[in-house]
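Okay, structure first, notes after.
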Amino acid sequence: MSKKWITLLLSAFVLSACSDRASLDNTEATEEIGGHEEWADLPEYPTLIDTIGNDDYSIKTVTDNQGKRILLLSDSSGTEKYKSILIKDTNRLKIIKVDDDGEVFNEILD
């Protein structure tokens, strides 16, 4: 009788572990597909999109501390195109084109 219970419990454990992994796989896929959703809540995001366009840039956080947030925007080939610097105390946003153009935006956000 006890062997049946042990077998039943082990089977339930194995099946539930498989179910949890499938759930994790779905979450990871959603994060990859999500695009800029995680960045859309940042106060500088609308200004970034208005200034540089809505092209397919990948965004990487370089620094995000109490004083400032620095983001790097790269094109689909991985080439860094823009750098965004938000000074949090003053809410000043600077957008710099990494190529020859230099600074393309430098204002205090509302």
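The values are calculated or read from the model by the stated rules, or taken from the named source; none is laboratory data. Because the structure is predicted, anything quoted here is derived from the model rather than measured. Positions of Cβ are generated from backbone atoms using ideal geometry, with glycine treated the same way; all protein chains shown enter the neighbour counts.
For this structure, a couple of remarks:
- Here Asp75 does not fit the description of being surrounded by 11 or more Cβ atoms within 10 Å (Cβ to Cβ), on the phi < 0 side of the Ramachandran plot and without any contact (Cβ under 8 Å) to a residue 12 or more places away in the chain.
- Residue identified as of a type in the set (Asp, Glu), part of a helix (DSSP H, G or I) and at negative phi among Asp50, Asp110, Asp100, Asp89: Asp50
- Hey, Leu86 in contact with a Ser or Thr (Cβ under 7 Å, 6 or more places away or on another chain) and at pLDDT 95 or above or not: no
- Any chance Asp64 is of a type outside the set (Ser, Thr, Tyr) and surrounded by fewer than 13 Cβ atoms within 10 Å (Cβ to Cβ): no
For (1) part of a loop (DSSP other than H, G, I, E, B); (2) within 19 Å of the chain's Cα centre (by Cα); (3) of a type outside the set (D, E, K, R); (4) modelled with pLDDT under 90, each residue gets a yes or a no:
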{"site": "Trp5", "(1), (2), (3), (4)": "no, no, yes, yes"}
{"site": "Leu9", "(1), (2), (3), (4)": "no, no, yes, yes"}
{"site": "Ser16", "(1), (2), (3), (4)": "no, no, yes, yes"}
{"site": "Asp25", "(1), (2), (3), (4)": "no, yes, no, yes"}
{"site": "Ala29", "(1), (2), (3), (4)": "no, yes, yes, yes"}
{"site": "His36", "(1), (2), (3), (4)": "yes, yes, yes, yes"}
{"site": "Pro46", "(1), (2), (3), (4)": "no, yes, yes, no"}
{"site": "Thr63", "(1), (2), (3), (4)": "no, yes, yes, no"}
{"site": "Leu71", "(1), (2), (3), (4)": "no, yes, yes, no"}
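- Output for region 78-110, where each listed residue is among the polar types (S, T, N, Q) and surrounded by 14 or more Cβ atoms within 10 Å (Cβ to Cβ): Ser84
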